[in-house]
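**Student:** Shown below is the structure under consideration.
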Amino acid sequence: MRGMFTAGVLDAFMENGVELDGVIGVSAGAAFGCNYKSGQRGRALRYNVKYVRDKRYCGMGVLLKTGDIFSADFCYDEVPLRLDPFDFDAFEKSPKFFCVVCTDVDTGEPVYQFLQSRRDNPLEWIRASASMPLVSRIVEIDGQRLLDGGIADPIPVRHLNRYGFTKNIVVLTRPKGYRKEKSSILPLVRLKYAKYPEFIKAMEMRHIIYNSTLDYIDRLEASGDILVIRPPYDIPVRRVERDPERLKLAHKLGVDTALERLEEIKKYLK
């Protein structure tokens, strides 16, 4: 839910004509970033604020009933197909490429999946990318068992560089100086995923990869080779936040942060 900051940044981009050639999103970055390709400004904030307290949406009750802390049926079917429709037509017509990152549970390696149309099964791939370990079921697509992309490649800036883009913007949800600590849930991970030793290794390495990537981003930022947008302070929003007012504040912080740097962003992209 800290990704609501990212949704605010992207809404500010859409409001002010900041056009990028593509997006690569991980977890919440995938779930909210798809609206940038479909051009649906405000959608991520709208449906989260409206339904975050709905017992069908998320929480321990949903987890005990379905095995997912965010309901697969409600979040990836009822909301995007009926209650607050995702614009698949605009998504398909947009020339922007859209890539989501998942983690292959069998190999522990990242999976990068490009999504262009409804035929690509985007909602299921986005669900896989955002499925947190321990509180989500493994998502199986085309024989691959998948979970949260943030485990194997939490900030995929190196992968984006492989496509030859020279002007890259990274949106982070933690303030400058943040470093991830070793996960406290590793004992439970080793117990639950005993059949997937490579996935356990990926979880054990997660903080190391994350911090190494932050160091890499800091070097690129210092040399002017990348533009980084991050919140000025730690956002008071939990992974599973149930307070709509906090979601609004996180979104507003994203909008305000982007607007404060709007001229810098446009100059950089030129």
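The values are calculated or read from the model by the stated rules, or taken from the named source; none is laboratory data. Keep in mind the model is a prediction, meaning the values are calculated, not measured. Here the Cβ positions follow ideal geometry from the backbone for every residue, glycine too, while neighbour counts run over all protein chains shown. Keep in mind that these areas ignore ligands, DNA and RNA; they rest on the heavy atoms of the full protein, side chains included. Shrake-Rupley method; radii C 1.70, N 1.55, O 1.52, S 1.80 Å.
**Student:** Kindly check whether there is at least one residue in the range 29-40 that is part of a helix (DSSP H, G or I), closer than 26 Å to Lys192 by Cβ and either charged (D, E, K, R) or out of contact with any strand residue (DSSP E or B) (no Cβ under 7 Å at 6 or more places or on another chain) (or both). Steps first, please.
**Tutor:** Narrowing the range 29-40 to residues part of a helix (DSSP H, G or I): 29-38.
After this cut, where a residue has to be closer than 26 Å to Lys192 by Cβ as well, the list is 29-31.
Retained after the next criterion (residues that are either charged (D, E, K, R) or out of contact with any strand residue (DSSP E or B) (no Cβ under 7 Å at 6 or more places or on another chain) (or both)): 29, 31.
Scanning the range 29-40 turns up at least one residue that is part of a helix (DSSP H, G or I), closer than 26 Å to Lys192 by Cβ and either charged (D, E, K, R) or out of contact with any strand residue (DSSP E or B) (no Cβ under 7 Å at 6 or more places or on another chain) (or both).
**Student:** For the subset of the range 128-170 comprising residues that are within 21 Å of Ile265 (Cβ to Cβ), open to solvent by 40 Å² or more (accessible area, probe 1.4 Å) and in contact with a Phe, Trp or Tyr (Cβ under 9 Å, 6 or more places away or on another chain), which member is modelled with the highest pLDDT?
**Tutor:** Kept after step one, since they are within 21 Å of Ile265 (Cβ to Cβ), are these residues of the range 128-170: 155-157, 160-161, 163-170.
From what is left, the residues that are open to solvent by 40 Å² or more (accessible area, probe 1.4 Å) are 161, 163-167.
Keeping just the survivors that are in contact with a Phe, Trp or Tyr (Cβ under 9 Å, 6 or more places away or on another chain) gives 163, 167.
Values: Tyr163: 82, Lys167: 92.
Checked the range 128-170; the qualifying residue modelled with the highest pLDDT is Lys167.
**Student:** Please verify whether the range 224-240 includes one or more residues that are of a type outside the set (Ser, Thr, Tyr), part of a helix (DSSP H, G or I) and open to solvent by 50 Å² or more (accessible area, probe 1.4 Å). Spell out the reasoning first.
**Tutor:** We begin by selecting, within the range 224-240, every residue of a type outside the set (Ser, Thr, Tyr); these are 224-232, 234-240.
This time we only want the ones that are part of a helix (DSSP H, G or I), so: none.
Among the residues of the range 224-240, not one is of a type outside the set (Ser, Thr, Tyr), part of a helix (DSSP H, G or I) and open to solvent by 50 Å² or more (accessible area, probe 1.4 Å), which makes the answer no.
**Student:** May I ask you to list the residues in the range 130-185 that are polar (S, T, N, Q) and either part of a loop (DSSP other than H, G, I, E, B) or in contact with an Asp or Glu (Cβ under 7 Å, 6 or more places away or on another chain) (or both)? Explain how you work it out, then say what you get.
**Tutor:** Narrowing the range 130-185 to residues polar (S, T, N, Q): 131, 136, 144, 161, 166, 168, 173, 183-184.
Residues satisfying the conditions are Ser131, Ser136, Gln144, Thr166, Asn168, Thr173, Ser183, Ser184.
**Student:** For the range 83-92, indicate whether the set of residues that are among the small types (Gly, Ala, Ser) and more than 27 Å from Ala12 (Cβ to Cβ) is non-empty. Steps first, please.
**Tutor:** So the first thing to find is which residues in the range 83-92 are among the small types (Gly, Ala, Ser), and the list is 90.
This time we only want the ones that are more than 27 Å from Ala12 (Cβ to Cβ), so: none.
For the range 83-92, residues among the small types (Gly, Ala, Ser) and more than 27 Å from Ala12 (Cβ to Cβ): absent.
**Student:** So, of the residues in the range 131-171 that are of a type in the set (S, T, N, Q) and without any contact (Cβ under 8 Å) to a residue 40 or more places away in the chain, which turns out to be farthest from Glu109 (Cα to Cα)?
**Tutor:** Top of the filtered list is Thr166.
**Student:** Looking at the range 13-24, can you tell me whether even one residue there is of a type outside the set (S, T, N, Q), farther than 18 Å from Asp148 by Cβ, in a helix (DSSP H, G or I) and open to solvent by 20 Å² or more (accessible area, probe 1.4 Å)?
**Tutor:** yes
**Student:** Next up: Looking at the structure I just gave you, is Pro85 more than 20 Å from His159 (Cα to Cα), open to solvent by 10 Å² or more (accessible area, probe 1.4 Å) and not hydrophobic (A, V, I, L, M, F, W, C)?
**Tutor:** On the way: more than 20 Å from His159 (Cα to Cα): yes; open to solvent by 10 Å² or more (accessible area, probe 1.4 Å): yes; not hydrophobic (A, V, I, L, M, F, W, C): yes.
Judged against the criteria, Pro85 is a match.
**Student:** Still on this structure, I have one more. Identify all residues within the range 2-34 that are in contact with a Phe, Trp or Tyr (Cβ under 9 Å, 6 or more places away or on another chain) and of a type in the set (Val, Ile, Thr); write none if there are none.
**Tutor:** Thr6, Val23, Ile24
**Student:** Still on this model: Please specify each residue of the range 172-191 satisfying the condition of being touching a residue at least 24 places away in the same chain (Cβ under 8 Å) and over 20 Å from Leu214 (Cβ atoms). Reasoning before the result, please.
**Tutor:** Kept after step one, since they are touching a residue at least 24 places away in the same chain (Cβ under 8 Å), are these residues of the range 172-191: 172-176, 178-183, 185, 188-189.
Within the range 172-191, Ile185, Leu188, Val189 meet the criteria.
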